[in-house]
1. Roughly speaking, what % of Cα-Cα pairs in region 2-104 are separated by over 18 Å, rounded to a whole number?
2. Which Rg and Dmax, in Å, describe the Cα atoms of region 136-225?
3. Computed over the Cα atoms of the chain, what is the convex hull's projected area averaged over all directions, in nm²?
4. Could you list which residues have their amide H under 5 Å from that of Ile58, counting only those 5 or more apart in sequence or on another chain, with H placed in the peptide plane?
5. Using the alpha-carbon atoms, what tilt in degrees (0 to 90, nearest 10) does helix 158-169 show relative to the longest principal axis of the chain?
6. Please tell me the relative contact order of the chain in percent, rounded to the nearest whole number, where contacts are Cα pairs under 8 Å and at least six residues apart.
7. In whole Hz and in residue order, list the ³J(HN,Hα) couplings for region 7-15 that follow from phi through the Karplus curve 6.51 cos²θ - 1.76 cosθ + 1.60, θ = phi - 60°; x for Gly and Pro.
8. Please list, by residue number, everything in region 13-44 whose backbone N is under 16 Å from a paramagnetic label point 7 Å out along Cα→Cβ of Lys113.
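Every read-out reported here was derived from the displayed coordinates using simple, explicitly stated rules and does not represent laboratory data. These numbers were taken from a predicted model, which means no experiment stands behind them. When we count neighbours, we look across all protein chains shown, and the Cβ atoms used for this are built from the backbone with ideal geometry, even at glycine.
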Amino acid sequence: LARGVAEPDLAGRHVVVSAGGTREPLDPVRFLGNRSSGKQGYALARTAAARGARVTLIAANAALPDPAGVDVVPVGTAVQLREAVLKAAAEADAVVMAAAVADFRPAAYATGKIKKKDGQEPEPVALVRNPDVLAEISADRARSGQVIVGFAAETDDVLANGRAKLARKGCDLLVVNEVGEHRTFGAEENEAVVLGADGSETPVPHGPKEALADTVWDLVAARLA
Ligand code: CTP
Ligand code: CA
């Protein structure tokens, strides 16, 4: 663990973490996906368990081993992730949405494999919006005092975009990291700023994903106390 022996400051708490990236099927062999490795979400699940929490990990397509002592709920699509998160959030003290949820899914699913046709260009793929799980659980809190955390990968004006997103989502904390060609996705390390709805700003220096996870749980624990 990044900070040595963990204090059981989350004992008696139930936390829900979503991790990985959703996949939106086009046909039985193809999907629209993203590059999320799931490492940050799994680090959050491991560190919460080490701090004594009961942890439900909603895992979307992460090729990672199940963390010990964590309840893992595998999901594929954004719609499945929404169902699993809503169910687990009903009795959770905190929900951390680390998953990369697809904003859109194919409007239609082809039950048979889509085939090429001689001399024809492909049909465009029509997309529809997926539900916004973070905005939904933030607007419709399952429990009073429940702490809700979102993640945002931003480019350009990272902090201003983060502040606007925090307000739009209505969550308590938003972990903002800057993404680029070789940053964050699949990496072992991370660097971020955690924005609070109370106006707070907690910078997290470049370091292991466990260290960022511990900072998130510090901020969650302070809000639960
Ligand atoms: N999220 C979600 N449901 C979605 C999309 C995103 O719950 N359909 C959550 C993510 O898990 C993350 C947070 O919202 O915690 C921010 O995701 P992000 O993609 O940065 O936000 P969007 O509102 O989709 O904004 P953008 O248009 O920049 O992608
Ligand atoms: Ca998005």
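1. Details: 2366 of 5253 pairs.
Across region 2-104, Cα pairs with separations above 18 Å total 45 percent.
2. Cα radius of gyration and Dmax of region 136-225 are 13.1, 40 Å respectively.
3. Values: hull surface 53.8 nm².
For the chain, the mean projected area of the Cα convex hull comes to 13.5 nm².
4. For Ile58, whose amide H was placed from the backbone, the distant partners under 5 Å are Val17, Ser18, Ala19, Val73.
5. With both axes taken from Cα atoms, the answer is about 90 degrees.
6. On the way: 474 pairs, mean separation 45.4, N = 225.
Relative contact order of the chain: 20 percent.
7. Residue by residue, region 7-15 yields 7, x, 6, 10, 4, x, 9, 10, 10 Hz.
8. 26-31
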